[in-house]
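In what follows, a structure is listed as structure tokens, so that the remarks can point back to it.
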Amino acid sequence: MDKLRIGTAGIPASTKPRSTANAVKRLAELGLRHMEIEFVRGVRMGEETAREIRSLAEEHDISLTVHAPYYVNLNSADPEKIVASKERIIQAARAGAWAGAKSVTFHAAYYHADDPDEVFERVKLQMADMLERLADENIQIRLSPETTGGPTQFGTLEELVRLGEELPGVYPCVDFSHLFARSLGEFNSYEHFASAMELIRDRLGEGALKEQHIHLSGIEYGDKGEKRHLPLVETELKYGEVLKALVDYDVAGWLTCESPILEEDALILQGLYHELRST
Ligand SMILES: [Zn+2]
């Protein structure tokens, strides 16, 4: 049995007609196991649709996660923008929970010219407020800020692990492609990938590796970090070594492939994962 459920960021390209409900069926036909619902340009899914997707996903054994809108900055100088950012994350969490999704990821903040430690404290304060709101509304979904792809964005693995230590119930969404791009290609060996899993295990507990939210795809970087996602065949990122580390550390959870050729690359990752698991 697969520990990691692998699938696409949003609707597979070969889904016809294009809808989230049809995407769930298409993923099952393709033999994939997971989908991240992409609310990146706004949350427009109502409760009825979300509940339909939930029952379809259960029927077809497809797990779900959610990506909240891109327009989020918990370190904005404008208090109204912080309120709006939290609202977008909460909306994504609410719709995701209706759909039965396990985790909602988002890019938490920009540093601007601020001291990273101060940014950490501000993000933590806003995260704590969102956790309270989710609890008040009984919205059961995990908040998983994502490791980000550039040096202007809050979200190193260290920052997110620390956030998880200080705010129980928060876990990092590990985007290996972003860690690679952010490091300008340096974070690219089995030892790096294994040390990331060790950091999470040692500081957030073994359980954190059993429900791990992961992003993995090809990526191109420039001197400011992430430029764009690439098909696996074009990237320098050693994704096979990433999968090997995930197998060796017995990681379970949800792996979303954000490739421009979504399902083709998700199937490559899944095939490789199966090979590694059987050796
Ligand atoms: Zn993302």
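The values are calculated or read from the model by the stated rules, or taken from the named source; none is laboratory data. Computed from a prediction, not measured in an experiment: that's the story for all the values here. FYI the Cβ positions are ideal-geometry reconstructions off the backbone, even for glycines, and counts take in every protein chain you see.
Would a scan of region 121-132 turn up a residue that is crowded, with 20+ Cβ neighbours inside 10 Å, among the acidic types (Asp, Glu) and at pLDDT 95 or above?
Within region 121-132, not a single residue is crowded, with 20+ Cβ neighbours inside 10 Å, among the acidic types (Asp, Glu) and at pLDDT 95 or above.
A quick yes/no check of all residues on (1) within 16 Å of the ligand (Cβ to nearest atom); (2) farther than 23 Å from PHE39 by Cα; (3) touching a Gly at 6+ places or on another chain (Cβ under 8 Å):
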{"position": "ALA84", "(1), (2), (3)": "no, no, no"}
{"position": "ILE90", "(1), (2), (3)": "no, no, no"}
{"position": "GLY96", "(1), (2), (3)": "yes, no, no"}
{"position": "VAL104", "(1), (2), (3)": "yes, no, yes"}
{"position": "ASP117", "(1), (2), (3)": "no, yes, no"}
{"position": "ARG122", "(1), (2), (3)": "no, yes, no"}
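Before we move on, is VAL24 outside any helix (DSSP H, G or I), without any contact (Cβ under 8 Å) to a residue 60 or more places away in the chain and among the β-branched types (Val, Ile, Thr)?
No.
Table: residues versus (1) within 15 Å of the ligand (Cβ to nearest atom); (2) more than 21 Å from MET127 (Cα to Cα).
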{"site": "ILE6", "(1), (2)": "no, yes"}
{"site": "GLU29", "(1), (2)": "no, yes"}
{"site": "LYS81", "(1), (2)": "no, no"}
{"site": "HIS107", "(1), (2)": "yes, no"}
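Got a number for residues in region 248-264 being farther than 13 Å from ASP175 by Cα and in contact with a Lys or Arg (Cβ under 6 Å, 6 or more places away or on another chain)?
The qualifying residues number 1.
With the checklist (1) within 16 Å of the ligand (Cβ to nearest atom); (2) part of a loop (DSSP other than H, G, I, E, B); (3) not aromatic (Phe, Trp, Tyr) in hand, flag the one item GLN140 doesn't pass.
(1)
Between ALA108, ALA77, ALA84, ALA113, which is of a type outside the set (Phe, Trp, Tyr), crowded, with 24+ Cβ neighbours inside 10 Å and either over 23 Å from LYS16 (Cα atoms) or under 17 Å from the mean Cα position of the chain (by Cα) (or both)?
Values: ALA77 fails: crowded, with 24+ Cβ neighbours inside 10 Å; ALA84 fails: crowded, with 24+ Cβ neighbours inside 10 Å; ALA113 fails: crowded, with 24+ Cβ neighbours inside 10 Å.
After ruling out the rest, the residue left standing is ALA108.
What is the residue count in region 42-62 for residues that are crowded, with 19+ Cβ neighbours inside 10 Å, away from the ligand (no atom under 16 Å from the Cβ) and outside any helix (DSSP H, G or I)?
Residues that pass the stated criteria total 2.
Filter region 250-262 for residues that are surrounded by fewer than 23 Cβ atoms within 10 Å (Cβ to Cβ) and touching a strand residue (DSSP E or B) at 6+ places or on another chain (Cβ under 9 Å); which is farthest from GLU198 (Cα to Cα)?
PRO260
Within region 204-257, restricting attention to residues that are part of a strand (DSSP E or B) and hydroxyl-bearing (Ser, Thr, Tyr), which residue is farthest from ALA13 (Cα to Cα)? Steps first, please.
Initial filter on region 204-257 (part of a strand (DSSP E or B)): 212-215, 218-222, 225-230, 253-257.
In the following step, the residues that additionally are hydroxyl-bearing (Ser, Thr, Tyr) were identified as 221, 256.
Values: TYR221: 25, THR256: 15 Å.
The qualifying residue farthest from ALA13 (Cα to Cα) is TYR221.
Working only within region 63-79, note down all residues that are away from the ligand (no atom under 16 Å from the Cβ) and more than 17 Å from ALA108 (Cα to Cα).
SER63
Can you work out which of the residues in region 170-193 that are closer than 15 Å to LEU232 by Cα and buried (at least 24 other Cβ atoms within 10 Å of the Cβ) is farthest from the ligand (Cβ to nearest atom)?
PHE180
Return the total of residues in region 176-203 being part of a helix (DSSP H, G or I) and without any contact (Cβ under 8 Å) to a residue 60 or more places away in the chain.
Count: 19.
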